[in-house]
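Beneath this line is the structure, given in C-alpha cells, with notes to follow.
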Amino acid sequence: MIRRAKASDAAQVREIYCHPLVNPFMNYDPMPLKAFRKAWKKLRTKCEMWVVEEKGEILAYGGYEHREGKASHTVHLWAFAVQPGAHGKGIGSQLMRFFLARARKQGVLRVQLTAEADNKKALRFYRKHGFRKEGRLRKGSKRKTGCVDLIALAKLF
C-alpha cells in the first residue's frame, strides 16, 4: 500500500535511510533518531512524501517538491529509497510509477532529480523509468571519503 508519510514513520524510515547500503547516496550522514525526526518533519513539510507499507512495515519511501514561479511545471524528486531487503521485488518501480502518474495528473511537465555518479544501480533504475541524463555536477556531493559528482536527470511529459 502506498500512503502519505506520517510523523510516526520516522523510526522505520530512519532504518532505511541509515542503512549502510543506502546512506552513502543520501543527503545526510546517519543521525540519531531525535535528529532524524526533526529532518523528517522538515522534509514532509517541504515535499509530498509517501511510503510503501506492507503489514505495518515500511519498505520504501520518497517524495517530490513542487517548484514555484516559472518552474511551477516542475517537481524535484527527493529522498527515494527502498529497504535493501526489498530490492528487486518491484517496490521501487511501483512507487516511481505512482509518483510519475501523480505528477502528470497534477499538470507537471518535468520531473527532475540528481543521483551520485557512482550509484550505478539507481542510475539504471531511473533510466528504466524514462529519466535521461542532462548533465554532471562536478563534486556536487561531499562524503567522508571525498567529493563525488552528481548526475542531473529528468523525465519530460
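Each value in this text was obtained by applying a stated rule to the coordinates, not by laboratory testing. Note that the structure is predicted; figures quoted are calculated from it, not measured. Don't worry about glycine lacking a Cβ; one is built from the backbone with ideal geometry, like all the others, and counts go over all protein chains shown.
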Charges at C-beta only: +1 for Lys and Arg, -1 for Asp and Glu. How large is the resulting dipole of the chain about its Cα centre, in Debye rounded to 20?
360
Setting aside same-chain residues fewer than 8 positions from residue 46, which lysines have a Cα under 23 Å from its Cα?
6, 34, 38, 70, 105, 142, 155
Report the Stokes-Einstein translational diffusion coefficient (µm² s⁻¹, integer) for the chain, Rh taken as the Kirkwood radius over Cα pairs, at 20 °C with viscosity 1.002 mPa s.
134
What number, in percent, do you get for the relative contact order of the chain if the mean sequence gap of Cα pairs under 8 Å and at least 6 apart is divided by its residue count?
18
Contour minus end-to-end for residue 94 and residue 143, with contour as 0.36 nm per residue of separation and end-to-end as the Cα-Cα distance?
14.7 nm
Output the peptides 107-117, 45-55 sorted from most to least packed, where packing is the average of other Cβ atoms within 10 Å over each peptide's residues.
107-117, 45-55
By the Cα gyration tensor axes a ≥ b ≥ c (a/c under 1.5 gives rounded; else a/b larger than b/c gives prolate, otherwise oblate), the shape of the range 99-157 is prolate
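Take peptides 58-66, 8-16 and line them up by average Cβ neighbours within 10 Å, highest first, as a rough protection proxy.
For the peptides 58-66, 8-16, the packing ranking is 58-66, 8-16.
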